[in-house]
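A short worksheet on the structure shown next.
The values are calculated or read from the model by the stated rules, or taken from the named source; none is laboratory data. Given the structure is predicted, the values throughout are model-derived calculations rather than measurements. Glycine also receives a Cβ, built like all others from the backbone with ideal geometry; neighbour counts cover every protein chain displayed. These area figures cover heavy atoms from the full protein model, side chains too; ligands, DNA and RNA do not enter into them. Shrake-Rupley method; radii C 1.70, N 1.55, O 1.52, S 1.80 Å.
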Amino acid sequence: MKFTNGYWLVRDGVTLQRPAEVHDIEVLEGELIVHAPVTRILTRGDTLNKPVITVSFTAPRPDVIAVRIEHFAGQREPLPRFELESAPVTPTIVQDESAQTVEFTSGRLVARVALTGPWHVDYLWDGEVLTSSTERSIGYAQVEGEGPFVHEQLALGVGEHIYGLGERFGAFVKNGQSVDIWNADGGTSSEQAYKNVPFFLSSRGYGVLVDDAGPVSFEVGSENVSATQFSVPGERLRYEVYGGGTPLEVIERYTARSGRPPALPEWSYGLWLSTSFTTDYDEETVLSFVDGMAERDIPLSVFHFDCFWMRGFHWSDFTWDPATFPDPRGLIRKLHDRGLKVCVWINPYIAQRSVLFAEGAEKGYLLKRADGSIWQSDLWQAGMALVDFTNPEATAWYTSKLEALLDDGVDAFKTDFGERIPTDDVVWHSGSDPLREHNYYTSRFNQAVFELLEHRQGTGEAIVFARSATAGGQRFPIHWGGDCESTYVAMAQSLRGGLSLTSSGFGYWSHDIGGFEGTPDPTVFKRWTAFGLLSSHSRLHGSSSYRVPWLFDEESVEVMREFTVLKQKLLPYLLETAELTTASGAPVMRPMVMQFPEDPACRPLDTQYMLGADVLVAPVFQESGTVEMYLPAGDWVHLIDGEQVSGGRFIARTYDVHSLGVYARAGSRAAQLVRGEEVTA
């Protein structure tokens, strides 16, 4: 959200006030509180009829500083808030001898507040300034017709790049962008996103989380080209600065606070095959696909039933369509006998024709309007309502309905949707602020289903396939990229979204191989197959057309077999990488800048990525098969053709559909596994 009109003016309808100077400070146990009026105080009379902005500093974990900027302290605390894990440290608070500054220290991270002159705070790591809050940074704005907002601007250095803010499909480097943290079902080709995370990562070695579950607005070098601005509605703004040096160290500190991705079952890394969405399918179709893959020596791990395993107009009632699947337990048993796991699609919406609608309404488990009636919509399912997951009884009721599916033999759930959550004229059971509940709802949904699976299947065996998320959602993996078109452009969009998401603390990520909307050209399908099977998780899925390879051409069968086998060879390496994900938050798929932060050539790259620490993947995004890629310094070996290349330079290669840019560090475990230089049990 923009408040100013150029450098000197504010926008029409906006009143903007900023702290002018530090008037006094308070030092409490573990907290520094700074009081800053909006004008200089020269006489006693200057203390009348003007706001004071209160800024406090605390240390929720080592190397982390939490900042609260507040105007009216008596306003109701908007809930929900993110679940953040604390390990409070006793900060050092020292005022210098000349009373020019006071320093608040958490581990190696310092906030140095100027006590004289204009408002100024420097954030330092090992004595070096990372970023600053300057005299025009903090603002308390009254916006006509919208109410109050609080904003902060943290300075951008020369050449500094900003990443993250959730799964965003535009440019990977966020500089110059306006980003609204607001979950929406907008596909992959717009500024909207399914997974909005108010956390950004800087190439200068720090991260920032805005601790607000609501509609945070970011202006990244846009309104003020020399700062990253973030604003929230209301009377207070909370944010946290994460020190750490390298991007991976910052992610480690951030996920220690927001939650680490858990370990996932080994079978989840194999190939998932879906029915697709609106295609016609029944037991015969399903088994023909599964047997067809086996006959063609393409290893499968999971079969997924999308929406129409239930009857249309009945989603979600969790009842198999008797006309298509008269014996679901028998079918699941057949799939299990073929060595497969089974996943089924669900969402948190209860259609009016669902048998659960009347039950949920009677028990008060569905979201209500202010007049006590049930909130309903025809968008998606006729007359659908929302399960009110802020009510623990409603959550238990919803998950109890999934128990029968687990009894049938279902192994995992695709937790779709969760973005279209209303904010007007609704009342949540918990009293949550509707603005904050909009983004947070998906966390409640995914957590409820994930924890049910964990309870039933055991730790390390639970997995959901989720579309929407916000900060902390990495605790309930995995997430896939949503509804994309079936083109090269959409494939590149998807990758940018995945790199942004993994820059936001998410350890695993997937996407629809071949794209979702439309039917891909056979060559696009083959190129996407290579990309998909060199992602942390791999799923074949579409909208109105199937994704089994023989429906494209016989070469697609060969390509899928080859890359499925390649991923199998890499599995020991991927599992080792995932152990690090669980231990430190380091994502399995990561942008180049995260692995090579000291190499300036890596900072803008968004058409290639690292799969773990040692494998570089550059998918083919054009018909010609040509890939331009950057290999960092060191020796690299191509995992398919064996080419050896010295890095520290850009190279261009042209590949047929059986290959792509995929290099491993020479001598690495990944190279040994694929090149047959290491024998594993």
Once a ≥ b ≥ c are taken as the square roots of the eigenvalues of the Cα gyration tensor of the range 91-229, is the result rounded (a/c under 1.5), prolate (a/b larger than b/c) or oblate (a/b not larger than b/c)? prolate
Between Thr15 and Asp96, what FRET efficiency follows from the Cβ-Cβ distance if R0 is 25 Å, with the result rounded to 0.05? 0.10
Rank Asp297, Asp408 by accessible area, highest first, at a 1.4 Å probe radius? Asp297, Asp408
In the chain, which whole DSSP H runs stretch at least 20 Å along their own axis (Cα) and average -1.0 or higher on the Kyte-Doolittle scale? 392-408, 488-502, 554-584
For the range 67-114 and the range 351-404, compute the distance between their C-alpha centroids and round to whole Å. 41
Can you give the % of DSSP beta bridges in the range 271-425 that are antiparallel, to the nearest 5? 30
The range 519-572: C-alpha pair distances exceeding 17 Å, %: 31
Normalised contact order of the range 332-453, rounded percent, pairs of Cα under 8 Å and 6 or more residues apart: 30
Taking the alpha-carbon centroid of each part, what is the distance from the range 167-182 to the range 609-681 in angstrom? 29
Say the dipole of the range 131-268 comes from +1 at the beta carbon of Lys and Arg and -1 at that of Asp and Glu; which of Ser137, Val210, Pro262 then lies farthest toward its positive end? Pro262
Net charge around Pro60, counting only other residues with Cβ within less than 13 Å of its Cβ (Lys, Arg = +1; Asp, Glu = -1)? 0
Hull surface over four for the Cα convex hull of the range 1-85, reported in nm², is 8.8
By the C-alpha gyration tensor axes a ≥ b ≥ c (rounded if a/c is under 1.5, else prolate when a/b exceeds b/c, else oblate), the shape of the range 20-178 is rounded
What is the extension gain from Asp641 to Asp282, computed as 0.36 nm multiplied by their sequence separation minus the C-alpha to C-alpha distance, in nm to one decimal? 125.1 nm
Rounded to the nearest whole Å², what accessible area per residue is found for the chain with the 1.4 Å probe? 36
Fraction of antiparallel bridges per DSSP, the chain only, in percent to nearest 5: 85
In nm, to one decimal, how far is the Glu554 label point from the Arg353 one, both placed 7 Å along Cα→Cβ? 4.4
Net length gained if the chain between Glu628 and Arg456 were fully extended (0.36 nm per residue, minus Cα distance): 57.2 nm
Cα radius of gyration and Dmax for the range 205-347 (Å): 23.3, 63
Probe 1.4 Å, all protein chains present, accessible-area order of Tyr7, Tyr140, largest first: Tyr7, Tyr140
With a sphere of radius 12 Å drawn around the Cβ of Tyr365, what net charge do the other residues whose Cβ falls strictly inside it have (Lys, Arg +1; Asp, Glu -1)? -1
Given a 1.4 angstrom probe, I'd like the percentage of the accessible area of the chain that is carbon and sulfur, rounded to a whole number. 48
Cα-based shape type of the chain, given that a ≥ b ≥ c are square roots of the gyration tensor eigenvalues and the cut on a/c is 1.5: oblate
Less than 20 Å from a label point 7 Å out along the Cα-to-Cβ axis of Arg296: which backbone N atoms in the range 318-337 qualify, by residue? 335
Roughly how many whole Å is it from the C-alpha centroid of the range 263-323 to that of the range 423-459? 26
May I ask you to derive the relative contact order of the range 520-574, considering only C-alpha pairs under 8 Å and at least 6 residues apart, and to give it as an integer percent? 43
Amide H proximity to Ile53 below 5 Å, modelled H, separation 5+ or other chain, gives Ala36, Val38
Amide proton proximity set for His537, modelled H, under 5 Å, gap of 5+: Trp509
Within-12-Å neighbourhood charge of His429 [Cβ basis; K, R +1; D, E -1]: 0
